[in-house]
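Since the structure comes first, as structure tokens, the remarks are kept for the end.
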Amino acid sequence: MNVNAPVGVFDSGVGGLTVAREIMRQAPEESLVYFGDTARVPYGSKSRDTILRYVRQIVRFLETKEVKAIVIACNTASAYTLETIEKEVDVPVIGVIKPGAKTAAESTVNGRIGVIATEATISSGLYPKFIRSLNPKLKVFSKACPLFCPLVEEGLTHDFVTEEIARRYLADLQQKDIDTLILGCTHYPLLRSMLSRIMGVEVQLVNPAYETAIGLKHLLAENHLNAQKLDVDPVHEFYVSDGAEKFKIFANSILPYDIKTTHVINIEEY
């Protein structure tokens, strides 16, 4: 395996860019191939079988790019497909649920953790299951926030409508005396300042995007796949299934790296 091969990162849309951003910050020597399934977003309301079909197509595409590892930068896809995909590919695979859940379990003081995510991620029950496997005494309170993804995709991260919806979603969790809140969808870190303001300073927000980037570094090291520092900069490539120009504008607003080109591919061919 070429240690300077890229890492494949994929999501249902733009949310996974928060993971790509953290990888660029925490492992700046790594090259990335990012795929956003913008034609079929959101995944959160779709069935497990449909999501697994989508993910297999994306993985086949990433394999044509000869990636050395794959990051499932989508909580819904991680919840429904990680264990299956790990068995089907020859490269290391990491999702976003376990890194964030582990940090939350280690960070909570009062043992009461909140999780906000898509309907599919909440229905999977994976966050509570994994957190309790680490510490059975911890209590986990979950809340689906299905409107967050489309609001973020539309760029309404600081809109009063988004804040009103957020206050309604979070009202139940505010009554549960949680001291830790997992942002269980990769879109949600883009709402971090708003969510922090609503929940208050006594509630710690856990960003699985950051934790996944750290986890990726460890995973690459364990498999002796860390990129070697060269005289050339890492190369980042971006692909989508639709709306390349809109994706590029959004990506350039949050990444520490200017995207010059975004390629559209027909993911159904894979």
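The values are calculated or read from the model by the stated rules, or taken from the named source; none is laboratory data. Every value quoted in this text rests on a predicted model; they were computed, and no experiment measured them. Neighbour counts run over all protein chains shown; Cβ positions are idealised from the backbone, glycine included. Calculation scope for accessible area: heavy atoms of the full protein, side chains included, ligands and nucleic acids excluded. Shrake-Rupley method; radii C 1.70, N 1.55, O 1.52, S 1.80 Å.
Here residue 235 does not fit the description of being surrounded by fewer than 18 Cβ atoms within 10 Å (Cβ to Cβ) and either outside the structural domain of residue 31 (by TED's automatic domain parsing) or touching an Asp or Glu at 6+ places or on another chain (Cβ under 7 Å) (or both). A search for C-beta distances below 8 Å between a residue of region 213-234 that is more than 14 Å from residue 68 (Cα to Cα) and any residue that is open to solvent by 100 Å² or more (accessible area, probe 1.4 Å) and not β-branched (Val, Ile, Thr), counting only pairs 6+ apart in sequence or on different chains, returns 213/25; 215/98.
Conditions (1) of a type outside the set (Val, Ile, Thr); (2) on the phi > 0 side of the Ramachandran plot; (3) not in a helix (DSSP H, G or I), marked per residue:
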position: 91; (1), (2), (3): no, no, yes
position: 99; (1), (2), (3): yes, no, no
position: 105; (1), (2), (3): yes, no, no
position: 136; (1), (2), (3): yes, no, yes
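Of all residues in region 258-269, those that are assigned by TED's automatic domain parsing to the domain that holds residue 242 and without any contact (Cβ under 8 Å) to a residue 60 or more places away in the chain have Cβ atoms under 8 Å from Cβ atoms of residues that are open to solvent by less than 80 Å² (accessible area, probe 1.4 Å) and basic (Lys, Arg), 6 or more apart or on another chain, in 259/248; 261/248; 262/248.
For residue 122, indicate whether it is at pLDDT below 95, under 19 Å from residue 174 (Cβ atoms) and in contact with a Lys or Arg (Cβ under 9 Å, 6 or more places away or on another chain).
yes
I'd like to verify a number: residues in region 115-160 that are without any contact (Cβ under 8 Å) to a residue 24 or more places away in the chain and open to solvent by 60 Å² or more (accessible area, probe 1.4 Å), how many? So the count comes out to 9.
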